[in-house]
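Quick notes on the structure that follows.
Read-outs throughout are calculated quantities, based only on the coordinates presented, and are distinct from any laboratory measurement. Since the structure is predicted, the reported quantities are computational estimates derived from the model, not experimental observations. With ideal geometry, Cβ positions are generated from the backbone for all residues, glycine too; neighbour counts draw on all protein chains shown.
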């Protein structure tokens, strides 16, 4: 079995001290650029792999960040993680990903698993089932940074990166109203999670501003899936007074809405359809789907920057970390292009 290269081998090769090698590999400013480049080049030549366990025992840091998210299969979350990981990698950090699959029990297990892995902090987005957030307090009790993104909770006092969801709900409804739609329905999740509640409140505000009385028959709360949109639309089309536009709680719900409309020989924008999240398929289906861009790439970068800000701040000059609230971007496409 081949002997693993250590920093002692690099020091012997260059005839310098072990401490100089260590400082060069850790990019300490007291080491000259020429020495640092020489050490890195020799490390590559000798196929050196840093011992992260030993390093963490010395520094108290693993340079691994735990990421807890509902599902990596959802493009929005995948884009957030891609941007977050790319940004943090430049600072020597790796990520450890745990998917909850929208389960509260899995979310609790995820917190425990990531903490047992000695991550330096956790960046999380909550499952649809999450109402009690006491399990997140374990992260703070261990003195590790906790950042919540996208799906936040009023009872959890942690730094957040999110979209202005109330305004997003207002924006899609106002867009439909401006296009001439008046009887606007809304199909969203039955789960009482904050971002979906706020989007619905934005919908209500836009109707109120337009002087349109809210019709309780137009608000359906089910599954945040294609089937949820499909079933909800069939229910809406049975009404004597059909809606002339339908908002989907996300793009998957909107896809189910369009599928159901097609079965009734109705093609948007005859009945307008709009969603949230700007999934990959949204601009490629026929008709292309109007939606909200939640700025996933920017959200990922902001999460990474916030994490670095938290771990690098001076405790003697400790200041509160301000929340980052991103503006939703309306992408108007064929599904609401009422002539």
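A few points about this structure:
- Peptides ranked, highest mean first, by Cβ atoms within 10 Å: ranges 119-128, 41-50, 76-85: 119-128, 76-85, 41-50
- Ordering 233-245, 154-166 by mean Cβ neighbour count within 10 Å, with the highest value first, yields 154-166, 233-245.
- Packing-based order for 206-217, 95-106, using average beta carbon neighbours within 10 Å, highest first: 95-106, 206-217
- 25 °C / 0.890 mPa s Stokes-Einstein diffusion coefficient of the chain, Kirkwood radius on C-alpha pairs, µm²/s: 109
- Estimated FRET transfer efficiency when R0 is 25 angstrom, pair residue 41-residue 97 (beta carbons, to 0.05): 0.15
- Debye-sum result for the range 7-50 in log10 I(q)/I(0), which assumes one identical scatterer on each alpha carbon, at q = 0.17, 0.28 Å⁻¹: -0.35, -1.00
- Pairs of Cα atoms farther than 21 Å apart, the range 74-215, %: 52
- Once the chain from residue 190 to residue 164 is taken as fully extended at 0.36 nm per residue, the excess over their C-alpha distance is 7.3 nm.
- Gained length - residue 178 relative to residue 320, 0.36 nm times residue gap less alpha-carbon distance: 47.1 nm
- Most fluctuating residue given options 321, 297, 31, as computed from a GNM of the chain linking Cα atoms under 10 Å: 31
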